[in-house]
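Below you'll find the structure, written out as structure tokens, and then a few comments.
The values are calculated or read from the model by the stated rules, or taken from the named source; none is laboratory data. Just so we're clear, the structure is a prediction, and the values are computed from it rather than from any experiment. Every residue, glycine as well, gets a Cβ built from its backbone with ideal geometry; the counts of neighbours run over all protein chains shown.
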């Protein structure tokens, strides 16, 4: 023991006055699978934190450094309560005393969390040391009421052309990302986080990535990717991996949104990604069955809808009186064999303000992001789309839908009239334009410029296989030669006549500089 | 199922019926529903419920040494408390009464001092 500590202990002894206040206690009557039945605790409330006495009968020196084991009350019953253990359940034994704390569960939040990885209770798990000062935020909190909300009108750029052009997302919106496993759901969400570095620092959203039931290797890879992309500085990762107890997997999304609310209450914009809520639903089903709640459809408990609705309702854009902050939620749901009509997917689809549906077939054809434009929708994002993007991408969704129909028809037709052939050629090129590499989100102004050029037949004499290369070269060319025009579009969100003229000039100059791309007959 | 029957039995006794009357009423109900086979399990569940209820209502005092019992009962104001000995308490006493724990053990006080000194 060092001298400083000895001095501190002496000081504590000198100023010691024994406190013998009574504490409400109960007794563990059964424990198993992380769920504990407690006799007593008549004054306990829902979501109250309780402490298990794990040092009873042990010598003082054996209990000095032992971490307290906490529990969370989830069932109030006639003779006692049932709680989930938020820690090492093996240390909780039958007959142990359980103390009431009178506090509901909260997680610590502060700016210190930026760039860090925390568990579902807000404890750092990245080995970078403890936080100095955090503010407790309740894990369960009522969502902002109607009068404290403002309609969604500010865009949240994802940097993904297909999304920003056709399924725009606004700050405060809840947009579901849904698809089978391995269709690029996480990639879309991570690209959206990375793209926020293109936003001015003052208005850049704080990003929170909540990993639920994911492999730790995947989470580690994502953290590394964010770090390499320079996005970790404004991102917080909340991790409740596949090896974490079901209780923590159930709590992780609530911890994520509670941290988000800390920043929203300060007037900041926040983007929260829940990856994924299917696994949270499974964890909650496990807990509910162990808590002996009656099972319903697919053995999920009756309140599974409320689990997700109360979480996603906390995404909001607050009114100016409340600081004007926002939380945008991007929940992810994994489907089985593309079935979006299953129980949990339909629940979450009905809660959210739209969905981005990713198709395995498109993914396997090499179309990435594999967005099924027909089934994807953004119910409120249209109001948040910038005028520039609205102007260039207004008819895109319809054009692509018509192209898909013609493409199916083309498989049987031998001769096509000129108009149909032109429409198919244009559609094929547009599909290529909307392809995008993983981890390469594009600034909004570049997206506008590229789609504007594509709409104006810039690519009509480019071979379909060359479109992606031409588009990338054109984006670099714009960045190098027409950065002022891009900056103007980025700043104003408008595509003025002057900007259009500049983009037309850019197209002409690019064609002259790279004649090798433009060989195919129009 | 047996737990529900046991709870009803407890309530019958609490409502003023004699144990004999309560058991007779329960047996009659079980017979009527063809569930006499449940009776031994109901008895065990009743035993569990009763012992838990007794544990809840019993006043218990824990001391570090048996010799301290009388003084602790006096200090805690619980002269009729059931006494248990736990030498890990070092000294002092712990009183549990009606779901309220008052911990006046030396172990608790020393732990408080240690945590205040190390976690400040």
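Taking the stated definitions as given, is residue A:117 assigned by TED's automatic domain parsing to the domain that holds residue A:291, buried (at least 20 other Cβ atoms within 10 Å of the Cβ) and either modelled with pLDDT under 90 or farther than 25 Å from residue B:49 by Cβ (or both)? Even if it seems obvious, please write down each step before you answer.
Details: assigned by TED's automatic domain parsing to the domain that holds residue A:291: yes; buried (at least 20 other Cβ atoms within 10 Å of the Cβ): yes; either modelled with pLDDT under 90 or farther than 25 Å from residue B:49 by Cβ (or both): yes.
Spelling it out, residue A:117 is indeed assigned by TED's automatic domain parsing to the domain that holds residue A:291, buried (at least 20 other Cβ atoms within 10 Å of the Cβ) and either modelled with pLDDT under 90 or farther than 25 Å from residue B:49 by Cβ (or both).
Does residue A:374 satisfy being loosely packed, with under 14 Cβ neighbours inside 10 Å, outside the structural domain of residue A:484 (by TED's automatic domain parsing), outside any helix (DSSP H, G or I) and on the phi > 0 side of the Ramachandran plot?
no
Only one of (1) buried (at least 17 other Cβ atoms within 10 Å of the Cβ); (2) free of Cβ contacts under 8 Å to residues at least 60 places away in the same chain; (3) closer than 23 Å to residue A:24 by Cα fails for residue A:82. Which number is that?
So the condition that residue A:82 fails would be (2).
Pull up the range B:63-102, narrow it to residues that are within 7 Å of another protein chain (Cβ to nearest Cβ) and free of Cβ contacts under 8 Å to residues at least 12 places away in the same chain, then point me to the one that is nearest to residue A:9 (Cα to Cα).
Residue satisfying both the conditions and the ranking: B:101.
In this structure, is residue A:55 farther than 22 Å from residue A:293 by Cα, facing another protein chain (nearest Cβ under 10 Å), surrounded by 14 or more Cβ atoms within 10 Å (Cβ to Cβ) and in contact with a strand residue (DSSP E or B) (Cβ under 6 Å, 6 or more places away or on another chain)?
So residue A:55 does not fit the description; no.
Select, from A:280, A:286, A:225, the only residue that is more than 18 Å from the chain's Cα centre (by Cα) and assigned to a helix (DSSP H, G or I). Please lay out each step first, then the result.
On the way: A:280 fails: more than 18 Å from the chain's Cα centre (by Cα); A:225 fails: more than 18 Å from the chain's Cα centre (by Cα).
After ruling out the rest, the residue left standing is A:286.
Between A:244, A:220, A:255, which is under 15 Å from residue A:121 (Cα atoms) and surrounded by fewer than 24 Cβ atoms within 10 Å (Cβ to Cβ)?
A:244
Sort out which residues of the range A:1-34 are at pLDDT below 80, loosely packed, with under 13 Cβ neighbours inside 10 Å and within 24 Å of residue B:99 (Cβ to Cβ), and write them in order of number.
Residues satisfying the conditions are A:18, A:19.
Out of the residues in the range B:103-118 meeting the condition of being more than 7 Å from chain A (Cβ to nearest Cβ) and touching a residue at least 12 places away in the same chain (Cβ under 8 Å), tell me which one is nearest to residue B:73 (Cα to Cα).
Top of the filtered list is B:105.
Could you tell me whether residue A:169 is more than 20 Å from residue A:357 (Cα to Cα), in contact with a helix residue (DSSP H, G or I) (Cβ under 6 Å, 6 or more places away or on another chain) and crowded, with 23+ Cβ neighbours inside 10 Å?
Judged against the criteria, residue A:169 is not a match.
Would you mind finding the one in A:208, A:236 that is buried (at least 24 other Cβ atoms within 10 Å of the Cβ) and farther than 24 Å from residue A:347 by Cβ?
A:236
Is it fair to say residue B:20 is modelled with pLDDT of 90 or more and exposed (fewer than 11 other Cβ atoms within 10 Å of the Cβ)?
Yes; evaluated as a whole, the condition is true for this residue.
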